[in-house]
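Worksheet: the structure to be examined is printed underneath.
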Amino acid sequence: MDSEQILAQLAEKMPGAAISSEIAHDGILNIHTTREQIIDLLQLLRDDAQFGFNFLTTLCAIHYPDNAGQELCVVYHLHNWPQNIRIRVKIFLPKDDPHVPTATGLWPTANWMERQEYDFFGVIFTGHPDLRRILNVDDMEVFPMRKEYRLEDGTRTDKDDRFFGRDGHVGRSFE
Amino acid sequence: MQVKSYFSSLDSIEGELATLNLGPTHPATHGIFQNVLKMDGERIVSAEPTIGYIHRAFEKIAEHRPFYQVTPLTDRLNYCSSPINNMGWHMTVEKLIGCELPKRAEYMRVIIMELSRIADHLVCNTVIGVDTGALTGFTYMFQERERIYELFEEVCGSRLTTNIGRIGGMERDFTPTFHKKLKDFLKTFPARFEEFTGLLERNRIFMDRCIGAGPISAERAMAYGFTGPNLRAAGVDYDVRVMSPYSSYGDFDFIIPVGNQGDTYDRFIVRQEEIRQSLRIIHQAYDNIPEGEYHADVPDFYLPDKPDVYTKMEALIYHFKVVMAEVPVPIGEVWHSVEGGNGELGFYLISDGGRQPYRLHFRRPCFIFYQAYPEMIKGSMLSDAILTMSSMNVIAGELDA
């Protein structure tokens, strides 16, 4: 089953689920979907005999501060063990409304993974049985992996990429 | 009026259920984990794990470090088998930049990675022994682990947090001392390991203690995202080395041992057999190690020879560019996973072409499987819970990142 077959079957079984798709740099198929469809899509990918993505390898969030209205991204890494195929399913969310339905009903392993991404990015997984911080202290007020939180003193300029002829992220200010 | 003590739980039946803090620091937990247990006598009614005591924000730090400076962070994930983490990360970057390694470098990596797998499993299995009351095996096998660390020291200069290898290969070829020590290790280790085996594997007391302690079914293990020896003990033969071979693992002949009960004894036996299989892989890799370079020809990422840096302009420029990470990298996202000591250790790297990762996510097997712990110990005795934890080989560094 190659990427085109996956997409063709997906279009047949759940029309409109894949908003777009791409083959990533490492050859893994990325499917973009919406948070309204994510759980149904994950369930289809897991339970349908032809897809067979039985294993949730990991789940992580990403913050794109410049992507207005779609600042947060949640990536589900799925793995079909019998055929050894990996895919990623991505959803994008606005920073002001970071709600995603939980996947704990499909895989109990999503429990801590979701808690971790809540802890670091503030993604709220609705329906999660126990959405608390997991690695950081309970009374932390920020979501530290978001790009606006610097690692080091923000006034430092010696690591500014612009001084090295490149437009990087360190030293760049985010609102 | 009866005053409730701090330790009595609110919903106890006339004080019959007690709340017990196991950890955060307790000698039997081998790390900083807290479990708030609800106990009915000596039986566990429920457990609530708290983690994060040694969280060091590696994912955040990694977003502010050039690729080669991320390697020391990976050391500190599963610090019982740092070289596997280091090389998993190097392979991730190599996948991003599209760098092919010479066979010799890949075989060298396999030897180092399998040595560290042996070291990792030795720690876990001897500690299971310690927790059942058998300290002797631990002291014997730590001498062997020490010899593995001497081998690492010979390759990279450090022992525990190794920072071994480079992006694009190994930093230097194996030295004559390494060859001597490795040959010596391969010759004498199996017999000493079998002594340890003889102490525990068919020991009636040990078996009675371990069989049936902390079992998990194959279905639950998969649902909980188990990988590595813990999953294989439950009877699923998933191994990244075989499923998606990296670093020439496809060249070697070895078996994936599996258990069928998923209990402490099966986890112990699976790790025992994996040590023997790792030895087989090392023998095959070492006997057939090809001639050639020990690193790829990637001057943009691999430091030039130090004497050249002092005498040649070209080498000096590259040295500067590598150290300052002034080399463009492709934009894109890469997933790479290796079979770590505890399971599938994955790196999800998103590069925006900058000098450091835009986002780096570690799939840490310990973090993922430790959440099954309350379910595995529910209804068991407190002493079995300790044993279950040590047989799962939860490493605090990998758990908390």
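Nothing in this text is a laboratory measurement; each read-out follows from the coordinates by a stated rule. Small disclaimer: the values here were computed from a predicted structure and weren't measured. Cβ sites come from the backbone with ideal geometry, for glycine too, and all protein chains shown count toward neighbours.
When you look at B:Val298, is it in a strand (DSSP E or B) and in contact with an Asp or Glu (Cβ under 9 Å, 6 or more places away or on another chain), yes or no?
Here the answer is no, as B:Val298 does not meet what is asked.
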If B:Arg56 satisfies all but one of (1) in contact with a strand residue (DSSP E or B) (Cβ under 9 Å, 6 or more places away or on another chain); (2) not in a helix (DSSP H, G or I), what's the number of the condition it fails? (1)
Would a scan of segment B:168-182 turn up a residue that is assigned to a loop (DSSP other than H, G, I, E, B), out of contact with any Pro (no Cβ under 7 Å at 6 or more places or on another chain), of a type in the set (Phe, Trp, Tyr) and in contact (Cβ under 8 Å) with a residue 60 or more places away in the chain? yes
Hey, does segment B:291-314 have a residue that's touching a strand residue (DSSP E or B) at 6+ places or on another chain (Cβ under 8 Å), at negative phi and surrounded by fewer than 18 Cβ atoms within 10 Å (Cβ to Cβ)? yes
Filtering segment B:174-205 down to residues that are surrounded by 14 or more Cβ atoms within 10 Å (Cβ to Cβ) and over 24 Å from the mean Cα position of the chain (by Cα), which residue is farthest from B:Tyr265 (Cα to Cα)? B:Leu199
Select from segment B:354-401 the residues that are in a loop (DSSP other than H, G, I, E, B) and more than 12 Å from chain A (Cβ to nearest Cβ) and write down the one among them that is nearest to B:Val93 (Cα to Cα). B:Ile395
Pull up segment A:82-131, narrow it to residues that are within 11 Å of chain B (Cβ to nearest Cβ) and closer than 17 Å to A:Ile31 by Cβ, then point me to the one that is surrounded by the most Cβ atoms within 10 Å (Cβ to Cβ). A:Arg88
Residue list for segment A:49-92, restricted to those being over 26 Å from A:Tyr149 (Cα atoms) and among the aromatic types (Phe, Trp, Tyr): A:Phe51, A:Phe53, A:Phe55, A:Trp81
Tell me which residues, restricted to segment A:60-80, are crowded, with 22+ Cβ neighbours inside 10 Å, aliphatic (A, V, I, L, M) and facing chain B (nearest Cβ under 9 Å). A:Ala61, A:Ile62
